[in-house]
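One structure below.
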């Protein structure tokens, strides 16, 4: 396997890096401190068609591969993790399932809206249903040519600013719990959005809860096949996990880059910190961790999605990259000494941002469950 990026992807990486440095980096501290949505950066992303990277040109996209979206998320996360997760949510959790399962009318309408600045949200998690997707209690009951939705969703990224929600609900009429996905406009009567929550990190990303009270959804707003929502959820989460892995990788790289500069400028005992062997060894170990994480993320992003091991590769990438992000940011903050604890330096924000990568799109423990399941499945297959 060739672990080097193609010339095309190298050029894209350079484009994304320049974009992130120009539009994301200058606003990162402000949107963190004020917990405000990165409107200026998002407008630029939309204008450059970067929110529709993996969408065909006939829908105003750029027809790129998954790896291209992953490179964009990584570059943005080096400077602003909040912006990167907004892009990851829109590109991977919203656009990809619509592209695969949406009708021609749904795709034409939604991708046109997205190209003009609309955003979507992936509404799966509930107060009592996180890791256990089938514990979802939101219901969709058929009534004539509509479905009536009732229930709650929690921890929804882009809630309150999204124009369309991909809502997962159980079908009340079936004896065995099954899920379906509905496209719910933000102005639907009976849909209310809570106040956004204040978070430890990624503070520029809006997170809130949703409540559905007898929301009437036209049957043409069903995404994909009725009762196949569980499959759509698991497939989509695989892409989301690679996106979070890319975010974690970018956070680690950003922390490492800023710390490398800091230790060369900061002097103690008459010489730069970079002259100290233990500083050099620490940075060498962190670079090795980052390189390993990068290879796992890129492998997952280019792995055949139809392969039985795709879920495993996505989970391995997320597990290792998120662990690397926490390791790198924690150790880099330590190398800053007291300065690392101040908001004057970006490292404390990066450390706060890193923690969520071990939690959302499935905790690290969930990723271990997925990896172990595949491990024993492979072992059983070898014994046949």
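The values are calculated or read from the model by the stated rules, or taken from the named source; none is laboratory data. Computed from a predicted model, the values in this text were never measured in an experiment. Cβ sites come from the backbone with ideal geometry, for glycine too, and all protein chains shown count toward neighbours.
Results for (1) outside the structural domain of residue 340 (by TED's automatic domain parsing); (2) closer than 30 Å to residue 30 by Cβ; (3) assigned to a helix (DSSP H, G or I); (4) touching a strand residue (DSSP E or B) at 6+ places or on another chain (Cβ under 6 Å), shown as yes or no for each residue.
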position: 189; (1), (2), (3), (4): yes, no, no, no
position: 195; (1), (2), (3), (4): yes, yes, no, no
position: 203; (1), (2), (3), (4): yes, yes, no, no
position: 213; (1), (2), (3), (4): yes, no, no, no
position: 216; (1), (2), (3), (4): yes, no, no, yes
position: 225; (1), (2), (3), (4): yes, no, no, no
position: 245; (1), (2), (3), (4): no, yes, yes, no
position: 263; (1), (2), (3), (4): no, yes, yes, no
Number of positions in segment 328-354 that are more than 20 Å from residue 84 (Cα to Cα) and part of a helix (DSSP H, G or I): 11
Residue under evaluation residue 231, criteria (1) under 30 Å from residue 292 (Cα atoms); (2) out of contact with any strand residue (DSSP E or B) (no Cβ under 8 Å at 6 or more places or on another chain); (3) not in a loop (DSSP other than H, G, I, E, B), criterion not met: (1)
Filter result for residue 315 (touching a residue at least 24 places away in the same chain (Cβ under 8 Å), part of a helix (DSSP H, G or I), touching a helix residue (DSSP H, G or I) at 6+ places or on another chain (Cβ under 7 Å) and over 25 Å from residue 98 (Cα atoms)): no
Residue pairs meeting the criteria (Cβ under 8 Å; at least 6 apart or on separate chains; first outside the structural domain of residue 219 (by TED's automatic domain parsing) and more than 13 Å from residue 179 (Cα to Cα), in segment 134-155; second at pLDDT below 95 and in a strand (DSSP E or B)): none
Any hit, segment 355-368, residues being assigned to a helix (DSSP H, G or I), buried (at least 22 other Cβ atoms within 10 Å of the Cβ) and in contact with a helix residue (DSSP H, G or I) (Cβ under 7 Å, 6 or more places away or on another chain): yes
Single condition residue 214 does not satisfy, out of (1) surrounded by fewer than 18 Cβ atoms within 10 Å (Cβ to Cβ); (2) over 20 Å from residue 142 (Cα atoms): (2)
Matching entry among 255, 325 (being assigned to a helix (DSSP H, G or I), under 17 Å from the mean Cα position of the chain (by Cα) and in contact (Cβ under 8 Å) with a residue 40 or more places away in the chain): 325
Residue count, segment 109-149 (criterion: buried (at least 17 other Cβ atoms within 10 Å of the Cβ) and under 30 Å from residue 364 (Cβ atoms)): 13
Looking only at segment 268-286, and only at residues there that are under 25 Å from residue 356 (Cα atoms) and in contact with a helix residue (DSSP H, G or I) (Cβ under 7 Å, 6 or more places away or on another chain), the one that is surrounded by the most Cβ atoms within 10 Å (Cβ to Cβ): 286
Some residue of segment 68-88 being more than 17 Å from the chain's Cα centre (by Cα) and not assigned by TED's automatic domain parsing to the domain that holds residue 205: no
Conditions (1) within 18 Å of the chain's Cα centre (by Cα); (2) in a helix (DSSP H, G or I); (3) more than 28 Å from residue 293 (Cβ to Cβ); number of the one not met by residue 37: (2)
Within segment 346-372, considering residues that are over 18 Å from the mean Cα position of the chain (by Cα) and free of Cβ contacts under 8 Å to residues at least 40 places away in the same chain, the one farthest from residue 200 (Cα to Cα): 372
Lone qualifier among 162, 169 - being closer than 22 Å to residue 238 by Cβ, assigned to a loop (DSSP other than H, G, I, E, B), touching a residue at least 40 places away in the same chain (Cβ under 8 Å) and not assigned by TED's automatic domain parsing to the domain that holds residue 38: 162
